[in-house]
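A.B. asks: The structure that follows is given in the form of structure tokens.
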Amino acid sequence: GWVSNDLDPRTEHEEDAKPLGEVARTIVRMAESRPELALEMVSLVATSMPSELPEVVAAVAPVKGVDGVAIYDLLRKFAPDQQQELAPVLVAAASGQSTELVNAVFEDVDSDEVVDLAVDLADASPEHGLEIIQAAADVVQEDNPDAVVNIAEAYLSQVVENLGEMRYADRLANESDKTVDGVVGIVADKAPDRVAEVALVAVETVPASA
């Protein structure tokens, strides 16, 4: 049709991407030839140059052979004050390892923090959003099944907000209806007595994608 690819903001975003700093660029170069070095370098950066850590984590996590879960374990050990802030960065960067990584992130999170963290992680890695919401629901189901509903409703609100910020071309290509079906399915599995409530929220708040 008439919708031009030139309207796609993702192309613009890639062109405007900030070049890597010297520290991150050096570590990526090393990791590409010796992935095992990446973990040592991340731990050194965490202890001696913590301000460089977000860029280093985002740059090195996608490198083939680098273990995202091991990086998260290092953050837990050497940078606990930055751990939660960097979790979405790491999940987005190491998207091929999302399931294992998300499970590791949720392992040591207080139950009252799971809702906000789940939405942050899903927003950082939207292509794995349902996997992340599923993992969060698994964490809270036993102790606090009502939190499954809170997670689902918070995620649906985020989906709506993101849709509102998209350009028309991206909204046409968006698959929010599949997302809604997935969220309702998770609630049906984890908190079946509340599924109608979440389905109603979904119908009222999330527009059809087409």
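The values are calculated or read from the model by the stated rules, or taken from the named source; none is laboratory data. The shown structure was predicted, so the numbers you read here are calculated from the model rather than taken from an experiment. Virtual Cβ from ideal backbone geometry, glycine too; neighbours counted across all protein chains shown. Heads up: the accessible areas ignore ligands, DNA and RNA and are worked out on the full protein's heavy atoms, side chains in. Shrake-Rupley method; radii C 1.70, N 1.55, O 1.52, S 1.80 Å.
A.B. asks: What are the pairs, 6+ residues apart or on separate chains, where a residue within the stretch 66-77 that is within 16 Å of Glu40 (Cβ to Cβ) has its Cβ under 7 Å from a residue that is part of a helix (DSSP H, G or I) and among the hydroxyl-bearing types (Ser, Thr, Tyr)?
C.D. replies: Leu74/Ser43
A.B. asks: Related question: In the stretch 73-82, is there at least one residue being hydrophobic (A, V, I, L, M, F, W, C), buried (at least 21 other Cβ atoms within 10 Å of the Cβ) and more than 22 Å from Ala118 (Cα to Cα)?
C.D. replies: no
A.B. asks: Quick check on this structure: which one of Val139, Val105 is over 12 Å from the mean Cα position of the chain (by Cα) and in a helix (DSSP H, G or I)?
C.D. replies: Testing whether each residue is over 12 Å from the mean Cα position of the chain (by Cα) and in a helix (DSSP H, G or I) leaves just Val139.
A.B. asks: Against the definition (open to solvent by 30 Å² or more (accessible area, probe 1.4 Å) and either within 30 Å of Arg194 (Cα to Cα) or touching a Leu at 6+ places or on another chain (Cβ under 7 Å) (or both)), how does Ala124 come out, yes or no? Please lay out each step first, then the result.
C.D. replies: On the way: open to solvent by 30 Å² or more (accessible area, probe 1.4 Å): yes; either within 30 Å of Arg194 (Cα to Cα) or touching a Leu at 6+ places or on another chain (Cβ under 7 Å) (or both): yes.
Yes, satisfied.
A.B. asks: When you go through Asp189, Asp170, Asp193 one by one, which is the residue that is part of a helix (DSSP H, G or I), charged (D, E, K, R) and modelled with pLDDT under 85?
C.D. replies: Numbers: Asp189 fails: modelled with pLDDT under 85; Asp193 fails: modelled with pLDDT under 85.
Selected residue: Asp170, the only one of Asp189, Asp170, Asp193 that is part of a helix (DSSP H, G or I), charged (D, E, K, R) and modelled with pLDDT under 85.
A.B. asks: For residues that are surrounded by fewer than 19 Cβ atoms within 10 Å (Cβ to Cβ) and either at pLDDT 90 or above or among the β-branched types (Val, Ile, Thr) (or both), tally how many sit in the stretch 90-119.
C.D. replies: Counting residues in the stretch 90-119 that are surrounded by fewer than 19 Cβ atoms within 10 Å (Cβ to Cβ) and either at pLDDT 90 or above or among the β-branched types (Val, Ile, Thr) (or both) gives 3.
A.B. asks: Looking at the stretch 145-167, which of the residues that are in contact with a helix residue (DSSP H, G or I) (Cβ under 7 Å, 6 or more places away or on another chain) and assigned to a loop (DSSP other than H, G, I, E, B) is most open to solvent (accessible area, probe 1.4 Å)?
C.D. replies: For the stretch 145-167, the residue satisfying everything is Arg167.
A.B. asks: Another one. Only one of (1) part of a helix (DSSP H, G or I); (2) closer than 20 Å to Ile132 by Cα fails for Pro62. Which number is that?
C.D. replies: Among (1) part of a helix (DSSP H, G or I); (2) closer than 20 Å to Ile132 by Cα, the lone unmet condition for Pro62 is (1).
A.B. asks: Need the failing condition index for Ser98 against (1) in contact with a Ser or Thr (Cβ under 8 Å, 6 or more places away or on another chain); (2) assigned to a loop (DSSP other than H, G, I, E, B), just the number.
C.D. replies: For Ser98, the exception is condition (2).
A.B. asks: Could you tell me whether the stretch 39-52 includes any residue that is surrounded by fewer than 19 Cβ atoms within 10 Å (Cβ to Cβ) and among the β-branched types (Val, Ile, Thr)?
C.D. replies: Checked against the condition, which is being surrounded by fewer than 19 Cβ atoms within 10 Å (Cβ to Cβ) and among the β-branched types (Val, Ile, Thr), the stretch 39-52 yields at least one hit.
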